[in-house]
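What follows is a short report on a single structure.
The values are calculated or read from the model by the stated rules, or taken from the named source; none is laboratory data. Since this is a predicted model, take the numbers as computed values, not measurements. So basically every Cβ, Gly included, is an ideal-geometry build from the backbone, and we count neighbours across all protein chains shown. Accessible surface is based on the protein model in full, side chains and every heavy atom, while ligands, DNA and RNA are left aside. Shrake-Rupley method; radii C 1.70, N 1.55, O 1.52, S 1.80 Å.
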Amino acid sequence: MINNKGEKIIQNWYKTKKWQQFPFQQEMMDSYLSGFSGLLNAPTGSGKTFAMFLPFLADYINQHPDDYQHKKNNGLQLLWITPLRALTNDIQKAMQSVVDDLGIPWKIGARTGDTSAADKQAIKRKPPEVLLTTPESLHLMIAQKEYPKTFEQLQLVVIDEWHELLGTKRGVQVELGLSRLKSLKQKAKSEKQALSF
Amino acid sequence: MKIWGISATIGNLEQAVQVLLGANFPEEKTKMVRAKIAKKLDIQSIIPENVEKYSWAGHIGLKLLPEVMQIVADSKTTLIFTNTRAQSEIWYHAILDSYPEYAGVIAMHHGSLDNELRSWVEQALHAAILKVVVCTSSLDLGVDFRPVDTVIQIGSPKGVARFMQRAGRSGHSPDATSKAYFVPTHSLELLEGAALKYGIKNEIFESRDPILLAYDVLIQYLVTLAVSDGFKAEATYKEIISTFAYADLTRKEFHELLEFITRGGKSLSAYDEFLKVEIEEGLFKVNDKRVAMRHRLSMGTITGDVNVRVKFQSGGSLGSVEEGFIARLKAGDTFWFAGRSLEFIQLKEMTAYVKISKKKKGQIASWAGSRMPLSSQLSAVFREKLDEVSMGLEEDEEIVALRPLFERQMQQSHLPNKFEFLIEKVETRDGFHYFFFPFEGRLVHEGLSSLFAYRMTKLKSATFSIAMNDYGFELLTDEEMPLELAIEDGLFSDKHLLDDIQHSLNANEMARRKFRDIAHIAGLVFTGYPGKPMKNKHLQSSTSLLFDVFNEYESDNLLVRQAYNEALAFQLEEFRMRAALQRIQGQKHIIKTTDGPSPFAFPVMVDRLSREKLSTETVEDRVARMVRNLEKD
């Protein structure tokens, strides 16, 4: 019996789409909501984007059960890294349609080499809740002044097509970027704890 | 904060999680979720009607065009995968030539085409407007194209995982069967079709080995941190060694890297353009705005040849080709690119201006670095399959079809089982040819061939010309060599391997080439401002100069060391080479003198011809003539 709101809403969404939920998508949901990190091993064309994105949304709904359909400007919640900027378009569209269906008032953002300077500034000023990007763009974000602010609210980082990046120097860039983000979060956490004493 | 990776199946999934999450991530917080979707996969090899008459050594596969087009006609939407961008151009051109009715429903997709063009192709695939798309690895990744129900692979995909990925691009509804066809480009490659099926059935997937201690990437990263808010040495060191890649980075190495970004290291301290980062009260920081801007512009790890945009004189961009290819063209020359015949007009500021040409013949734009070696997993299955043939146990239809070829091999030379190592000797008017067949993939053969040549010249001085493919390699020389003596003397030994490699393969030259990329990534050379890139020539000479300076005055320099390591590990796959030598030592060595190139040797010889000549056409003609001569026997 599901007793969290987020998961119920996602299940309903599957039903209205008349899509069958695969066992691994359920397993992914359980693992994510239990706080695990890890690896999703799934081939292209298996519904892996949804398998990853929907548990994240369920978690967000659980954090904000009463106002998830109204809350805006939450800061960057999800950073989604793909090896090819050409891949961002389709993922962006798929994600946008889900949040639209669920009445979550977000605009899914993307930051790649093709993004204009003005848009990059806008992302820095007011980050979208979900941002699709490449390993290079992540490093460019880290090369900006006061970048830690951008990542303050970050809940999840997804590395899509990790097998393509592993074994390349771009993969090493991802490792370094993740180590930076992890430290930022840890630092923020310990500062928060210090404040509460 | 949670971290999740998404990955297709590879040989080292467990390690992939470790690399992603880092050295210290608590195991009890880690999980692997596997989709375990048993996708129905139907793989078929296209078997040429007459294997013996089918090109022994082509590399384009066009002879099977009618069979391929029959499959296309019977399918809804087909993706035709080729291994190189040039091969895509050739196939696209050939289809339109012989099947003009496909105009409008055929398209091409590869990495050098303009973004807009590629997006259009992708949209048209989604919308089921296209019947067939000729493509390269550029369509390996990404979302599904639902209309695609058939995938055709031209030539060896070189690895099980890659073929699996490509095959999975067809048949997307959960209960649909993925249909994939393998089209060999020469007869012996048909055996790879059987090996691929076996590899997929038994889930023998290639591993992706993580890169360790890439100092160049780390230097770039440190400057990145210095450009934004600055960093403190100790905290950053701890953070860096929490990654898988730098878990073994010593404090001494880290200190050297800091020296490098602040004072240009030992050799470059006199040149202020290498002094990037300043230290203020323990904070490493870039204050110079110009340095910061240059750094932001040149970040990234993707290097490679400088590309030239291809544009119509009248406006409109088509994509890009390598500077080296354009440099060979004269005004008025015709070449094929983006599926069109183009006349080269002029090169101006890294843009090649062209107009549509009416000529039917022309060079095909070529790109370097597109020849993948056979993976070690697929090589191993290939040797197993060959062993089955030698025992008369073959069952796969591909191998059964190859029987005439194997019979000829047996008649002319020998068919080795897995306990045997075959060497063929043949004398032609070109000289004495020595063919070795380790079946280990092109990259390993590149190393082994130079090593063997070097070791033989220790007994008798000679000059060799070397050729290879994924199955074996050829050493050609003017005089007969004491082969048996060389074997006794340790030709296949793995002792002194590193030393012998250094001597045999201009290791210096290879490291120098690797250093070029490393210098880019580490920011030692500036590649130019957007729209005004520096010419490749200039970059090459400046990185070369730096390499010499380091080599001479600072041979323990970390970046130089990295260059040598990369040359050994990636370029030569030293590890696989050693394993191959150990295997060969334990095998029975069969030396056969033949009166002409055997079916195994022939494709290797063709490799030499295609290297000597630039235009593919003349090679095709020459091969055709060689085949005619063979068939006369």
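Quick rundown of the values:
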read-out: In region B:128-155, the residues that are at pLDDT 90 or above, small (G, A, S) and closer than 26 Å to B:L443 by Cα; value: B:G155
read-out: Test result for A:H70, touching a residue at least 12 places away in the same chain (Cβ under 8 Å) and more than 9 Å from chain B (Cβ to nearest Cβ); value: yes
read-out: Residues of region A:108-152 satisfying the condition of being closer than 24 Å to A:Y32 by Cα, more than 10 Å from chain B (Cβ to nearest Cβ) and of a type in the set (S, T, N, Q); value: A:T133, A:T150
read-out: Among residues of region B:176-218, those that are outside any strand (DSSP E or B), touching a residue at least 40 places away in the same chain (Cβ under 8 Å) and over 30 Å from B:G523 (Cβ atoms), counted; value: 22
read-out: Checklist (1) open to solvent by less than 30 Å² (accessible area, probe 1.4 Å); (2) within 33 Å of the chain's Cα centre (by Cα); (3) modelled with pLDDT of 90 or more applied to B:V227, failing item; value: (2)
read-out: B:T236 vs. criteria within 10 Å of another protein chain (Cβ to nearest Cβ), polar (S, T, N, Q) and closer than 25 Å to A:G171 by Cβ; value: yes
read-out: Scope region B:69-94; condition over 17 Å from B:Q363 (Cα atoms) and among the β-branched types (V, I, T); matching residues; value: B:I71, B:V72, B:T77, B:T78, B:I80, B:T82
read-out: Test: residue in region B:572-588 that is in a loop (DSSP other than H, G, I, E, B), on the phi < 0 side of the Ramachandran plot, surrounded by fewer than 16 Cβ atoms within 10 Å (Cβ to Cβ) and modelled with pLDDT under 90; value: no
read-out: Residues of region A:83-104 classified as open to solvent by 50 Å² or more (accessible area, probe 1.4 Å), assigned to a helix (DSSP H, G or I) and under 14 Å from B:E122 (Cβ atoms), total; value: 3
read-out: Filter result for the condition that a residue is more than 28 Å from B:V19 (Cα to Cα) and surrounded by 23 or more Cβ atoms within 10 Å (Cβ to Cβ), over B:A194, B:A245; value: B:A194
read-out: Criterion (outside any helix (DSSP H, G or I), under 18 Å from A:P105 (Cβ atoms) and either of a type in the set (A, V, I, L, M) or at pLDDT 95 or above (or both)) met by exactly one of A:L76, A:L40; value: A:L76
read-out: Scan of region A:153-180 for residues that are in contact (Cβ under 8 Å) with a residue 40 or more places away in the chain, facing chain B (nearest Cβ under 7 Å) and hydrophobic (A, V, I, L, M, F, W, C), ordered by number; value: A:L154, A:L156, A:V157, A:V158, A:I159, A:W162
read-out: Which numbered condition A:Q69 misses (of (1) in contact with a Pro (Cβ under 8 Å, 6 or more places away or on another chain); (2) closer than 30 Å to B:F145 by Cα); value: (2)
read-out: Breaking point among (1) touching a residue at least 40 places away in the same chain (Cβ under 8 Å); (2) part of a helix (DSSP H, G or I); (3) open to solvent by 20 Å² or more (accessible area, probe 1.4 Å); (4) closer than 23 Å to A:L87 by Cβ, for B:N83; value: (2)
read-out: Region B:165-199, subset touching a helix residue (DSSP H, G or I) at 6+ places or on another chain (Cβ under 6 Å) and within 14 Å of another protein chain (Cβ to nearest Cβ), residue nearest to B:H126 (Cα to Cα); value: B:S178
read-out: Flag if A:E136 is open to solvent by 30 Å² or more (accessible area, probe 1.4 Å) and out of contact with any strand residue (DSSP E or B) (no Cβ under 9 Å at 6 or more places or on another chain); value: yes
read-out: Any hit, region B:117-132, residues being facing chain A (nearest Cβ under 9 Å), open to solvent by less than 10 Å² (accessible area, probe 1.4 Å) and within 28 Å of B:I37 (Cβ to Cβ); value: no
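For every residue, the table says whether it meets (1) within 14 Å of another protein chain (Cβ to nearest Cβ); (2) of a type in the set (S, T, Y); (3) within 21 Å of A:V157 (Cβ to Cβ); (4) surrounded by 14 or more Cβ atoms within 10 Å (Cβ to Cβ).
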residue	(1), (2), (3), (4)
A:W13	no, no, no, yes
A:W19	yes, no, no, no
A:F24	yes, no, yes, yes
A:Y32	yes, yes, yes, yes
A:N41	yes, no, yes, yes
A:A51	yes, no, yes, yes
A:Q77	yes, no, yes, yes
A:W106	no, no, yes, yes
